[in-house]
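Where a number appears in this text, it was derived from the coordinates with a stated rule and is not lab data. Given the structure is predicted, the values throughout are model-derived calculations rather than measurements. Counting neighbours? That spans all protein chains shown, and the Cβs are built from the backbone with ideal geometry, glycine included.
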Amino acid sequence: MKRFSLLLIIVGMIIFLIPIGGRLYMHYQQERMYQQYLQDLKDQNSALSQTFQTDISSNSAISSTASALTKEKKPVRKVEDVIGRISIPAISSDQLLLEGSDSKHLKYGAGHVTGTPLPGEKGNCSIAGHRNYTFGSYFNRLGEVNPGDTISIQYNNGTYTYKVTDILIVKPDDVSVLVNTPDSATITLITCHPKGSNTHRLIVKGVLQ
């Protein structure tokens, strides 16, 4: 009887610790990926700087190189397609931002919907994220966001801040929320609603400040 009771205690502890261990491991993976992304970005900037200095010393193509350096650099995507971070201060959310919104990417953070404008660009930059009770809880508190709150995205050597304008609940097949806005830089965050279900979608919209 004592052995059986001890076995039940051990099994209970394992069941309790598995989700905690999983979250700790996922946090470790996210931090590793982001630090590698920052290193890749640093290496890219260093390479561009060296090219510029070489051109100056050789007096060749100075103006064209300077122009290239001032243009927006292409995002670094070496580490699991990490392209930056997305944070929402009002709900203490700070997540990796990856290029792509399939299960492979949403496993590690929020995913930029490929084909929509990139952060900072004119148009409707769309970003998806999971909202579950255990794994994939990156947008868990998105329902607490209110108009006037801010969404900040660190992307490609820049930080872009959007002000929340609208909160919507729509059906999964309502693609009107993805309609482009060619005359202004906007953002659309997409997650499941209610939490842990996929019957509807919670939509948070904002405009670049």
Beta carbons within 10 angstrom, averaged per residue: use that to sort the peptides 186-192, 146-152, highest first. 186-192, 146-152
Show me, for segment 87-103, the HN-Hα J-couplings you get by feeding each phi into the Karplus relation (A = 6.51, B = -1.76, C = 1.60, θ = phi - 60°), rounded to Hz, glycine and proline as x. 10, 10, x, 4, 10, 6, 9, 9, 10, 5, 10, 10, 8, x, 10, 8, 4
Contour minus Cα-Cα distance for Val170 and Ser103 (0.36 nm per residue): 22.0 nm
Along the Cα→Cβ direction, 7 angstrom out, place labels at Thr181 and Asn132. What is the inter-label distance in nm? 3.1 nm
Between Leu189, Gly143, Val170, whose Cα lies farthest towards the positive end of the dipole of segment 82-208 when Lys and Arg beta carbons carry +1 and Asp and Glu beta carbons carry -1, centred on the Cα centre? Gly143
